[in-house]
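Have a look at the structure below before the remarks.
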Amino acid sequence: MIRRIAILTGGGDCPGINAVIRSVTKKAILQHGIEVIGIEDGYEGLIHNRYRRLHFEDVSGIITMGGTILGTSNRADPYKNPTLKGGKTVFEDVSKTAIANLKKMDVDCLVCVGGDGTLTIAYQLLKDGIPVVGVPKTIDNDLMGTDVTFGFDSAVAVATDGIDRLHTTAQSHHRAMIIEVMGRNAGWIALHSGAAGGGDIILIPEIPYDINLVAEKVKDRSRRGKRFTLVVISEGAKPMGGQVVVRRLVADGAEPVRLGGVGPVIADQIEKLTGIESRSVVLGHLQRGGIPTAYDRALATSFGAGAVDLIMANNFGTMIGLQKGSMVPVPLAQVAGAQRKIQPDDPLLLAARSVGACFGDV
Ligand code: F6P
């Protein structure tokens, strides 16, 4: 018998989180008469016992809002929580406190909305006896067990708009314009926005590039009378035999590496190797902000409703996923610690190659 559930949103934010909070809360209240507790700032709120009741009115009118009304943290981790001691960051296991707080909230289940970090922690909580259900959230689209995550479509829309804007100025000035997009170690945003924006060169982490082949493509376009080139590069792209460009190390993060900066690096290389003037833009967090697309709002609503169905079926330890058009439960064990990457036979990858996009490998 489910009477009361809690929900938290963890990791980097993305458009559509509020649509999930709304969907879970409204369905729980309307269909099942269940109370909903919103835990603030992800696992940080669980560790420090910060939460509030979510009433129907609290989630009314939030479907269009970006970000998360509950706040989030991509540092807090009950099993490896960063704490400053004597001027140094040490990682402490505070899971007993977090679990005791959850017990005090008197909830029958915890809904964790997040990416691989958040859902890996959810899986640990499950192993410690907490009934959890996951919802797949990330602009990176790199979670196992679901064909797509919410937030991805919105990020691709922003990136594609960026490419479209660079297209016209690239044409006017006869330049190579490089746009760096997010995605961590998966190239989904670069592939989809690159294909949608007509990128001439698309560089993704899954396919290490040869800078000479990239330069050759730019020169080839120039020889054929195309006086500009659009390069879409994923922040996690790296040269053959080389390394990713790290923007910063977050000392108090369980996942310390923040990628970024490969765009400006490759712009300089292209200019040197081709003699064609180049400019770069790092799109950054613009991809994570703002209102969700209609697709993401609908997907987030389905995920939220599906998560409540999993709870009512006592199907704990699972994440709601979208597979071949259907909402399905996916064991968290399959999601935790795994990443979904672009495969060489990905249909869009093959289609982009077939219309002449260069991936820096041939
Ligand atoms: O995982 C989402 C994401 O936006 C990645 O694409 C990016 O590498 C990272 O988060 C950026 O993290 P932060 O917000 O800590 O800079």
Binned at 10 Å from 0, what are the whole-percent values of the Cα-Cα distance distribution for the chain, short to long? 6, 25, 30, 21, 13, 5, 1, 0
Among the DSSP beta bridges whose two residues both lie in the chain, what percent are antiparallel, rounded to the nearest 5? 35 percent
Work out the charge dipole of the chain with +1 on the Cβ of Lys and Arg and -1 on the Cβ of Asp and Glu about the Cα centre, then indicate which of GLY183, PRO208, GLY289 is farthest towards its positive end. GLY289
Quick one: Karplus J couplings for the stretch 51-65, per residue in order, coefficients 6.51, -1.76, 1.60, θ = phi - 60°, nearest Hz, x for Gly and Pro? 7, 8, 6, 9, 8, 3, 5, 5, 10, 7, x, 10, 5, 8, 7
Contact order normalised by residue count of the chain, Cα under 8 Å, 6+ apart, percent: 22 percent
Using only Cα atoms, locate the centre of the stretch 152-192 and the centre of the stretch 1-56, then give the distance between them in Å, rounded to an integer. 34 Å
Under Karplus coefficients 6.51, -1.76 and 1.60, residue-wise ³J(HN,Hα) of the stretch 266-277 in Hz, glycine/proline x: 6, 4, 4, 5, 4, 4, 5, 6, 10, x, 8, 4
Going through the cross-link list LYS27/LYS127; LYS96/LYS127; LYS80/LYS341; LYS26/LYS96; LYS80/LYS103, which pairs have a Cα-Cα distance over 24 Å in this structure? LYS27/LYS127; LYS80/LYS341; LYS26/LYS96
I need to check one value: relative contact order of the stretch 154-289, counting alpha carbon pairs closer than 8 Å and at least 6 residues apart, in percent. 33 percent
Can you give me the long-range amide H partners of GLU180? Hydrogens built in the peptide plane at 1.01 Å from N, cutoff under 5 Å, separation of 5 or more residues or another chain. ILE233, VAL281, VAL282, LEU283
Among VAL257, HIS192, ILE163, which residue has its Cα positioned farthest towards the positive end of the charge dipole of the stretch 154-289, with +1 placed on the Cβ of Lys and Arg, -1 on the Cβ of Asp and Glu, and the dipole taken about the Cα centre? ILE163
Any residue on another chain or 5+ positions along whose placed amide H is under 5 Å from the amide H of CYS358 is listed here as ILE201, ILE202
Charge-dipole axis of the chain as Lys and Arg at +1 and Asp and Glu at -1 on Cβ define it, positive-most pick from LEU84, ILE276, LEU126: ILE276
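Whole number in Å², please: accessible area per residue of the chain, 1.4 Å probe, ligands, DNA and RNA not counted. All intermediate terms of the calculation are to be shown ahead of the outcome.
Working: 14960 Å² over 362 residues.
Accessible surface, normalised per residue, equals 41 Å².
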Distance between the stretch 248-325 and the stretch 81-137 - C-alpha centres, whole angstrom: 22 Å
Given unit charges at Cβ for Lys, Arg (+) and Asp, Glu (-), the dipole magnitude of the chain about its Cα centre in debye, nearest 20, is 320 debye
Under 5 Å from the placed amide H of ILE37, counting only residues 5+ away or on other chains, we find ILE5, ALA6, ILE7, LEU54
Spelling out what I want: for every residue of the stretch 78-85, take phi, set θ = phi - 60°, compute 6.51 cos²θ - 1.76 cosθ + 1.60 (Karplus), and round to whole Hz; glycine and proline get x. x, 8, 8, 8, x, 9, 7, 10
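The values are calculated or read from the model by the stated rules, or taken from the named source; none is laboratory data. Predicted, not measured: the structure shown is a model, and the values here were computed from it. Don't worry about glycine lacking a Cβ; one is built from the backbone with ideal geometry, like all the others, and counts go over all protein chains shown. The area values use the complete protein model at the heavy-atom level, side chains included, leaving out ligands, DNA and RNA. Shrake-Rupley method; radii C 1.70, N 1.55, O 1.52, S 1.80 Å.
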